[in-house]
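Only the coordinates and a few stated rules stand behind these numbers; no lab work does. These figures come from a predicted structure and were not determined experimentally. Heads up, the Cβs are rebuilt from the backbone with ideal geometry, glycines too, and the neighbour counts pull from every protein chain shown.
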Amino acid sequence: MKSLPYFCRGEVIRGFGRGSKELGIPTANLPDSVVDHLPADISTGIYYGWACVGDGDVYKMVMSIGWNPFYKNIKKSMEAHLIHTFKEDFYGGILSFVVVGYIRPETSFNSLEALIMAITNDIEEAKVKLELPEHLKLREDNFFTSAPSTSSTMPPTSSSMSQTILNGH
Ligand code: ADP
Ligand code: MG
């Protein structure tokens, strides 16, 4: 995929509350403004990369780019699970991320166990792949050092940053 690595920022919005947090795998959902700017060659599937909230530390992440059931599966959705345990939720915060590489296509699973197993494998693969020198250096990119500081307590509507899409900086 020629658009990778793909750098982007967007506000963390509420998702469907489909219980990913209950599974121990919360996913920070991104708004349509971000999804709509996704390059066409970035297909649906599971990806790995780096992400930070506001001007916080940069963590490894897995990202799902999928078909959004809310829009009858004609629109894509983007959700990031950061590989870190946060003390608090960060709805309304600005997520800065870089999508680095592809893991696997989207699939449906027959059981919750199979789903959790697949996500656990995705997380392990992300952890290993991101240790490659060419991927580690993306973590140090100016894109992250210049990330805007935001507070997770800020109301989502007050943030004009939700419209800010940065790529090819
Ligand atoms: P929703 O359906 O609203 O997205 P989730 O169950 O997916 O609900 O939980 C997502 C929220 O959990 C995120 O928006 C964020 O505020 C919080 N969160 C806490 N820890 C993480 C993490 N490690 N990765 C992603 N989101 C996290
Ligand atoms: Mg979510």
Gain upon complete extension [LYS75, THR145; 0.36 nm per residue less C-alpha separation]: 22.0 nm
Area projected by the alpha carbon convex hull of region 8-124, averaged over all directions, nm²: 7.0 nm²
Of LYS60/LYS87; LYS2/LYS129; LYS21/LYS87; LYS2/LYS72, pairs whose Cα-Cα distance is over 21 Å: LYS2/LYS72
14 Å reach of a label modelled at GLU124, 7 Å along Cα-to-Cβ, counting backbone N of region 1-30: none
Quotient of Cα Rg and 2.2 N^0.38 Å for region 83-147, N being how many residues it contains: 1.38
Region 1-94: chymotrypsin sites (Phe, Trp or Tyr not before Pro) falling in loop per DSSP and having at most 14 other Cβ within 10 Å: PHE16, PHE86
Residue list for region 81-122, given a label point 7 angstrom along the Cα-to-Cβ vector of ASP36 and an amide N cut-off under 19 Å: 95
Interchain or long-range residues, amide H under 5 Å from TRP67's placed H: SER77
Fluctuation leader among THR85, THR27, THR107 - the chain, Gaussian network, Cα springs under 10 angstrom: THR85
Cα pair count fraction exceeding 15 Å, expressed as % - region 38-103: 55 percent
Local net charge near ARG104, Cβ-Cβ under 14 Å (Lys/Arg +1, Asp/Glu -1): -3
Percentage relative contact order, the chain, counting C-alpha pairs under 8 Å, at least six apart: 33 percent
